Amino acid sequence: MKVYNTLTRQKEEFVPMEEGKVKMYVCGPTVYDFIHIGNARPYVVFDTVRRYLEYKGYDVTYVQNFTDVDDKIINRANKENTTMQAISDKYIEEAFHDADGLNVRRATVHPRVTQEMDGIIEMVQTLIDKGFAYEDKGTVYYNTKMFPEYGKLSRKNLDELIAGASERVTIDDAKKNSTDFVLWKPKKEGEPSWPSPWGDGRPGWHIECSVMAKHHLGETIDIHAGGEDLIFPHHENEIAQSEAANGKTFARYWLHNGFITVDNEKMSKSLGNFFTVRDIAAQFPYEVIRFFILNGHYRSPINFSRDLMQACQNGLERIKNARKELAFYIENCAETKMTAEETAQAVELEKYKEQFEAAMDDDFNTADAVSVIYELVRFSNIAVKAGVSKEYAGKIQDMLDHLCGVLGVAELDEETISDEETKKIEELIAQRTEAKKAKDFAKADAIRDELAAMGITIKDTRQGVQWFRG
Ligand code: AMP
Ligand code: ZN
């Protein structure tokens, strides 16, 4: 299996540290508002990476943090006359709601910064003790000049960075180098704070991930992931902190997803060109958002548009309808075993699996993996039409279950039709069957129209009447 490692800028064979085990850390959101679909991309992409690693037999420990101490959360709390804790609790719950909708499985651990203060203070102290950090009036800075490999992830040269920064006006006097960054900052009036050897205060952003990764996964991890905007400075600084403090390689593979853009500009809060997952979910089912994200390769940009969402909805419906037709066929066809011809053809089925795995083994190419599912759907539709044996239909179904399950898409139990609605639909179908029997075709057509108005399509098959949404 090959993965693209941002550190080496090439695809590398994936070999975890410990056989059969993967330790993975994904930077999570700062919780001061609903997540937008740009933020949803790393959620869905790395959930899929995890699912595929598990499919390959790895035991994956997946850690995704919540940043619950930050200026933005404090500002929002002040605006709403409430506490930082109340704001972050609310938006953590909302983020889980969206993640659940997107079929993103819960991480093994979801650590929060506010619960990791002891580890943070300990790592900052270690960095001071080892000469990588210095304190000035309650602020602790990381001395980037002390870490010779600074810039290795983002391929930036420290001297050029320093020269570039000094051309700008705002240079913090207390910093030894303009590229130095804050590990601990002193308390400001009215802000939450924690006691520390450098006075009451709170941690900088970068230190939290170094500490949470170490606490929950150890000093060296297999995969560290996030959006590509995190490469610099966030991940560069994480490397500087962790490798200086622990004296070991921090992460062996660095994976970064590309942006979701709007009019070819990064979707972001600050530009105001964002759509929250919640808003989009009011227009399209959550599963369409997941499918939309997986329709592209995770490193390529995706330009968000309604048309693209609509096309994804249509594609997803095609897969789901094929799965429903197949399930219906299996439920209602005669108990038959595979014929000799089908046994020979079953090899074809294995080919879809091989193609799917080849796509995913090539740096998680979900776009190609989705194409393989479409081909399998075509194969399934033909088989149903041809009236294959029940055993053979079951094999096709297993394969579809398998492949859709790895991507977490087109799952049939995602159906949002209530029991009450189902009862009504089935009653109408029974009435239509009666009307047809009595040769009252006008009534039968009227019932079909009534169902269509409810968004339900019906299909007469040899096994009986089948219905589905769409
Ligand atoms: P933030 O809360 O801004 O730190 O973002 C949380 C995660 O979403 C990070 O991994 C970001 O890199 C990622 N992210 C933010 N905006 C986008 C975007 N427009 N496209 C893709 N990923 C994004
Ligand atoms: Zn992080």
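The values are calculated or read from the model by the stated rules, or taken from the named source; none is laboratory data. Bear in mind the structure is a predicted one, so any value in this text is a computation, not a measurement. Heads up, the Cβs are rebuilt from the backbone with ideal geometry, glycines too, and the neighbour counts pull from every protein chain shown. Remember, those area values only see protein heavy atoms, side chains included, never the ligands or the DNA or RNA. Shrake-Rupley method; radii C 1.70, N 1.55, O 1.52, S 1.80 Å.
Some points to look at:
- Scanning segment 8-50 for residues that are buried (at least 19 other Cβ atoms within 10 Å of the Cβ), more than 16 Å from ligand 1 (Cβ to nearest atom) and not aromatic (Phe, Trp, Tyr) returns Pro16, Val22, Lys23.
- Conditions (1) of a type in the set (A, V, I, L, M, F, W, C); (2) away from ligand 1 (no atom under 14 Å from the Cβ); (3) within 15 Å of Val124 (Cα to Cα): number failed by Trp205: (2)
- Of all residues in segment 355-385, those that are closer than 22 Å to Gln10 by Cβ and either at pLDDT below 95 or not in a loop (DSSP other than H, G, I, E, B) (or both) total 10.
- Pairs with Cβ under 7 Å, 6+ apart, first in segment 80-100 and closer than 28 Å to Ile289 by Cβ, second surrounded by 17 or more Cβ atoms within 10 Å (Cβ to Cβ) and among the hydroxyl-bearing types (Ser, Thr, Tyr): Ile87/Tyr32; Tyr91/Tyr32; Ala99/Tyr43
- Which listed residue, of Ala225, Ala213, Ala165, Ala174, is hydrophobic (A, V, I, L, M, F, W, C), in the same structural domain as Phe14 (by TED's automatic domain parsing) and out of contact with any strand residue (DSSP E or B) (no Cβ under 9 Å at 6 or more places or on another chain): Ala165
- Residue in segment 303-317 that is touching a helix residue (DSSP H, G or I) at 6+ places or on another chain (Cβ under 6 Å) and surrounded by 21 or more Cβ atoms within 10 Å (Cβ to Cβ) present: yes
- Residue in segment 227-239 that is more than 16 Å from ligand 1 (Cβ to nearest atom) and of a type in the set (Asp, Glu) present: no
- Failed item, numbered, when Lys185 is tested on (1) open to solvent by 50 Å² or more (accessible area, probe 1.4 Å); (2) within 16 Å of ligand 2 (Cβ to nearest atom); (3) not in a helix (DSSP H, G or I): (2)
- Selection status of Phe259, under 30 Å from Lys320 (Cβ atoms), within 14 Å of ligand 1 (Cβ to nearest atom), at pLDDT 95 or above and in contact with an Asp or Glu (Cβ under 8 Å, 6 or more places away or on another chain): yes
- Counted residues, segment 13-53 - those being part of a helix (DSSP H, G or I), more than 16 Å from ligand 2 (Cβ to nearest atom) and of a type in the set (A, V, I, L, M): 5
- Selection of first residues in segment 456-470 that are more than 17 Å from Asp445 (Cα to Cα) and of second residues that are at pLDDT below 80, restricted to Cβ pairs under 7 Å at least 6 apart or on distinct chains, gives the following pairs, ordered by first then second residue: Arg469/Ile417.
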